[in-house]
Amino acid sequence: MNLKELVTGDSGEKRFLLGNEAAVRGLIEAGISIAATYPGTPSSEIGNVLSVLAKDANIYFEFSTNEKVAMEVAATAAVSGLRSFTFMKHVGMNVAADSFMTTAYSGVNGGMVILSADDPSLFSSQNEQDTRNYAKLANVPILEPSNCQEVKDMVKYAFDLSEQFKLPVIVRTTTRVSHMRGVVEFGDVRDNSSNNDNHWKRGHFNKDPSKYVPVPAFAGDMHVRLWDKIRKIEEVSNKSKFNCEWGTGKKYGLIASSSAFNYACDVVKFNNLDIKILKLGFSYPFPQNKVIEFLSDLDEVFVVEEVDPIIERDTLVCIGSKNLNVQVHGKLDGTFPIYHEFNSDIVAEGLNKVLNFKENKSVQFTQSLEKLSEDIPSRAPVLCAGCPHRAMYYGINIAIEELGLKPEDVIFASDIGCYTLGINPPYNAADYLLSMGSSVGDGCGFSVSTDQKVASFIGDSTFFHSGISPLINAVHNKHNFVLTVLDNRITAMTGGQPNPGIPVDGMGDDAPEVSIRKLALACGCDFVRVINPFNLEQVVKTYREAFERKDAAVIISKAPCTLIKGLTRKPPVKFIESNCNNCDKCVKELACPAISKINGKITIDESQCDGCTACIQVCKYGALEDGR
Amino acid sequence: MDNHYNIYICGVGGQGIIKTSTIIGEAAMNQGLDVVMSEIHGMSQRGGSVSTELKIGGYNSSIIPKQGADMLLSFEPVETIRGLDKVNSETKIVYNTHPIIPSSTDKQYPNVDSITKTLKENFKYVLPIDGTQLAMDAGSVLALNMVLLGAVTADDKFPLTKESVIEAMKNNLKPKFHEMNLKAIESGYNSIKS
Ligand code: SF4
Ligand code: SF4
Ligand code: SF4
C-alpha cells in the first residue's frame, strides 16, 4: 500500500493497516490540525507516517524535544480551538505528566487526544507501567482499542468526546494493538482546511485566566468542574457502543479490554465455552451501571486485562457496593499472571483452573530435537556493523586500561538508545539506567557518592530530550564525570526520526541545526571535544584527558548511524588472509556482526560490512585493509 | 472452521519478513478473508530474531497459540528451531537452509544437515529449500523473501491463490523489481510443488 492512501482513501474502502497506521487514518478522518510527539516504540510509526503525510493532510506535525513539550504543544493548540494530538509510549507519559495533569483542569476547546502505547512484556522498554493509572490520576476519560479498526474508530470518536466535554481524552494501546495489522474500513473525512495558506488552520486563544491559569485561587474551582465533567462522562461510558456484550452464559461471565479481550474471545469461541463476555473499550470513567447489570445474574466472573488489575478492582467495587454474590477471578486471586503480556495459552490456562475444559496434550519429541533446541545460539539485537557506538565503546575500554584503571573502578551510566546495547560483552558499557536523560543526573549522583570514575553515555536526541538540565546541574554543583554525547545524527533506536541537532524538521523542511557543542559550552563546561569515533587514536587520547579532569567533561562523538536513509555506503574492508594469525582480537574485542569466525577462519560478510574501518585499527597484523 | 490458516514466519532482522507477511495479509484481504497479523518492531538494529504471525479466518487475537500454526515459514535454519513451539505434527515446516551466524558466541551454530535430519525425524512435513541460492538465481539475494512467499503459496491447504499473492506483491514492491520478484516467487513455488 502507498501511505498516501491514508489521506486519499474514500469512505468504505478497506486497507490492511498496522494499528499505528490506523491511528493516523483516524486523525485524518477527525480532521486534526496539530500533532506533536517524541518517538517511542511501540508508538513510533505514527510519527513516521505523519511526517510523510502531514502536508497532504493539512496537519502541522513536529517531533518535539520531549513528551512534555509535545503535550504542551497539543494542549495550547486545543485550547486555541484546534483539534490536536500527541502520542508517546507509556514511559513518555511520565515525562509529560507534569503538564498533562493540569490540562485536565484547564480543559480544551478543540478536541485533544493523547495516545499512549503500553508495552506489556517490555519488548522495547525499561518498565511495564499501565497508562490507565494516568487516566484515573488525572481524571480524564480513556479508551482501549483492541484491534486496528477500533484504533481508527476510537481515535476519531475521542475527538468528539473531547470536544463535547472540553477535556483531553486518552487512547491506550498496547504493543500488540499498535503492531497488529488488520483490515480497516475507512470512514468519512472531516475537512480541516481553511482559507489560510498554512498547512493547518489558525486557532484563536480567548484569554480567561480564571479558566486557564491554575493559581490556587482558580484551581480549586477547576477541580470541582473536572469532577462534574467526569460524573457526566460516566453516563456516556455506561451507554457507549465500545462497551458491549456477547454470548449467553448464565453462570460465568468475563470482562476484558484491549488485546486481552482478543485472547479471551478466541479461547471462549474456539473451545465453545458457555461464558458471556463484556468488552470494555471505554474503561474510565468506569461504566459502573453497565458492569453491575452484566454481573447481576452471574455466579462467577473472570476479569482479563493486561498489566495492572484496574478493571478488576473496579469490578470488586461494583460487587461490594451492590452486595452482589459474584466471585471474581483475575490477577488478584492468581487466576491470571499479574505481570507480562497475555496470549491465548495463558488465558486458556487461567480459565481452565476454574472450568477444567482442556486436557493437557503435550507432544513427544525425539531426544535429538530436544538437545538441538537447547543448543541453539542466542540471537539478540546487536549494534549494527559499522555503528559508531561500537568504536567509542572499544576506545573507552582501551583508555581505561591504559590509565591503569580496573573495569570496576569505572561506572558506566547509560541512557535510552541503541547504545544501551553496550551492556553486552565485550563492551560491558552499561551499569545503571533509569530513564531518558538519566545518565547525566546519575553521573552527578555517582560522582558525589563514590570514589569511582563515572562515564555517562547519552544520544543526541536524548540529550535534547532531557540531558541539558542535569548537565547544568553537574556544572553548577561541581560534579566530576565524563559525559559522552553519542551524536549519530538521528534518533536511531526508534527507526530514524530527526532531532534538533540536524538541519531538517519532522515535516521534511529545512530547519536550524542546534549545536550540541555550543549547548555544552553554554552550560558552562570547560572541556568540550568533538571527535570522530572511527579515529581510535583520537578516541583514546581524548578519554585519557577527560578522565584526568575534576569537572564535568563532555565528549561529543559525531558520526552518522549507518541506517540513515540515503547515506552512501563505503566499500567493505579487504581481508588479507595471509597476514591473519588468528589472534581473534577483531571477533572477541570488537564484535562487529560483519566479522565472524567460520570453521576456524575469519570471514567478512560483505553484505553487512559498512567499511567503517574500526577493525582495521584493531588488527595489529595488517590482515584487514581499507576497501577504498 | 473452513479457511482457518495460521502462518508463523520467523528469521533474522533485515530479511524482509514483515514485507512478506504484509503481502500475504493484503492478498487475504483482497480475497475477502478475515486476517490479522502481529509483528515485532523494536529497536531498529539489525541482527536480532524477528517473527510475525498471520491468522486468516475469524480470529480476534493476532498471536498464534502454542502448536497452533498450519505453516512455519522460516528464513533461517536456527530460527526454525526457535519457532517450534508453534508447531504440531501436521504443521508444514518450510525453511531456508542458508545460515546466518549470530555474533553472540554462547553456543556453536549447529550443522544444517543435522537440523534437517532431526526435524524430519519429528515432523511429517519438513521442506528445506536453499532459498538464498534461488534468490541469487532470480537476480538478487534480496529476493529471498519472495522465494519463500512462493513456497508458501504452493501448500495445498494455503487459502490464497498464487495470483492474488502476486497482485499484492506488485502493490507493495517497486515496479523496477517486479520481474525479478516474479521469478523468485515462481522458483519458490516450483521448489515445493515438484
Ligand atoms: S541503528 Fe544506527 S545507531 Fe543504532 S546500532 Fe545501528 S548503526 Fe548504531
Ligand atoms: S585481529 Fe587481525 S590478525 Fe587477529 S584474527 Fe582478526 S584479522 Fe586476524
Ligand atoms: S569495517 Fe570492519 S568493523 Fe567496520 S563494519 Fe566492516 S567489518 Fe565491521
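The values are calculated or read from the model by the stated rules, or taken from the named source; none is laboratory data. Note that this is a predicted model, so its numbers are computed, not measured. Positions of Cβ are generated from backbone atoms using ideal geometry, with glycine treated the same way; all protein chains shown enter the neighbour counts. What goes into the accessible areas is simple: the full protein's heavy atoms, side chains included, and nothing from ligands, DNA or RNA. Shrake-Rupley method; radii C 1.70, N 1.55, O 1.52, S 1.80 Å.
Computed values, structure above
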read-out: Yes/no for A:Glu577 being acidic (Asp, Glu), away from chain B (no Cβ under 14 Å) and within 15 Å of ligand 3 (Cβ to nearest atom); value: yes
read-out: Residue pairs meeting the criteria (Cβ under 6 Å; at least 6 apart or on separate chains; first more than 21 Å from B:Asn60 (Cβ to Cβ), in the range B:1-28; second basic (Lys, Arg) and open to solvent by 10 Å² or more (accessible area, probe 1.4 Å)); value: B:Gly13/B:Arg46; B:Gly14/B:Arg46
read-out: Single residue of the range A:495-514 satisfying the filter (farther than 19 Å from A:Gly459 by Cα and open to solvent by less than 60 Å² (accessible area, probe 1.4 Å)) that is nearest to the chain's Cα centre (by Cα); value: A:Met507
read-out: Hey, A:Asp228 under 24 Å from A:Ile34 (Cα atoms) and open to solvent by 60 Å² or more (accessible area, probe 1.4 Å) or not; value: no
read-out: Residue that is out of contact with any Ser or Thr (no Cβ under 9 Å at 6 or more places or on another chain), at pLDDT below 95, more than 14 Å from chain B (Cβ to nearest Cβ) and more than 30 Å from A:Ala511 (Cα to Cα), where the choices are A:Pro407, A:Pro426; value: A:Pro407
read-out: Counted residues, the range A:20-67 - those being buried (at least 21 other Cβ atoms within 10 Å of the Cβ), within 14 Å of the chain's Cα centre (by Cα) and part of a helix (DSSP H, G or I); value: 6
read-out: Scope the range A:515-528; condition open to solvent by 40 Å² or more (accessible area, probe 1.4 Å) and touching a helix residue (DSSP H, G or I) at 6+ places or on another chain (Cβ under 7 Å); matching residues; value: A:Leu519
read-out: Of all residues making up the range A:579-603, the number that are within 26 Å of A:Gln538 (Cα to Cα), more than 16 Å from ligand 1 (Cβ to nearest atom) and among the aliphatic types (A, V, I, L, M); value: 1
read-out: A:Ser557, sole failed condition from (1) at pLDDT 95 or above; (2) within 13 Å of ligand 3 (Cβ to nearest atom); value: (2)
read-out: Extreme residue, farthest from ligand 2 (Cβ to nearest atom), among residues of the range A:408-434 that are within 24 Å of A:Val95 (Cα to Cα) and surrounded by fewer than 19 Cβ atoms within 10 Å (Cβ to Cβ); value: A:Leu434
read-out: Among (1) assigned to a loop (DSSP other than H, G, I, E, B); (2) closer than 19 Å to A:Val382 by Cβ; (3) within 14 Å of ligand 1 (Cβ to nearest atom) - the single one A:Leu567 does not satisfy; value: (2)
read-out: Test result for A:Leu254, open to solvent by less than 10 Å² (accessible area, probe 1.4 Å), in contact (Cβ under 8 Å) with a residue 24 or more places away in the chain and in contact with a Cys (Cβ under 8 Å, 6 or more places away or on another chain); value: no
read-out: Test: residue in the range A:295-307 that is over 30 Å from A:Gly182 (Cβ atoms) and assigned to a strand (DSSP E or B); value: yes
read-out: The range A:587-601 - residue that is within 12 Å of ligand 3 (Cβ to nearest atom) and out of contact with any Lys or Arg (no Cβ under 9 Å at 6 or more places or on another chain) and, of those, nearest to B:Ile101 (Cα to Cα); value: A:Ser596
read-out: Lone unmet requirement of (1) open to solvent by less than 10 Å² (accessible area, probe 1.4 Å); (2) in a helix (DSSP H, G or I); (3) out of contact with any Ser or Thr (no Cβ under 7 Å at 6 or more places or on another chain) for A:Glu401; value: (1)
read-out: Some residue of the range A:550-563 being away from ligand 1 (no atom under 16 Å from the Cβ) and either open to solvent by 30 Å² or more (accessible area, probe 1.4 Å) or assigned to a loop (DSSP other than H, G, I, E, B) (or both); value: yes
read-out: Residue in the range A:372-388 that is touching a Ser or Thr at 6+ places or on another chain (Cβ under 7 Å) and more than 14 Å from chain B (Cβ to nearest Cβ) present; value: no
read-out: Residue, nearest to ligand 3 (Cβ to nearest atom), within the range A:602-619, restricted to residues that are more than 12 Å from chain B (Cβ to nearest Cβ) and of a type in the set (S, T, N, Q); value: A:Thr613
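Residues checked against (1) under 30 Å from the mean Cα position of the chain (by Cα); (2) among the hydrophobic types (A, V, I, L, M, F, W, C):
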| position | (1), (2) |
| --- | --- |
| A:Leu298 | no, yes |
| A:Val303 | yes, yes |
| A:Ser321 | no, no |
| A:Ile338 | yes, yes |
| A:Leu351 | no, yes |
| A:Lys358 | no, no |
| A:Glu370 | no, no |
| A:Glu374 | no, no |
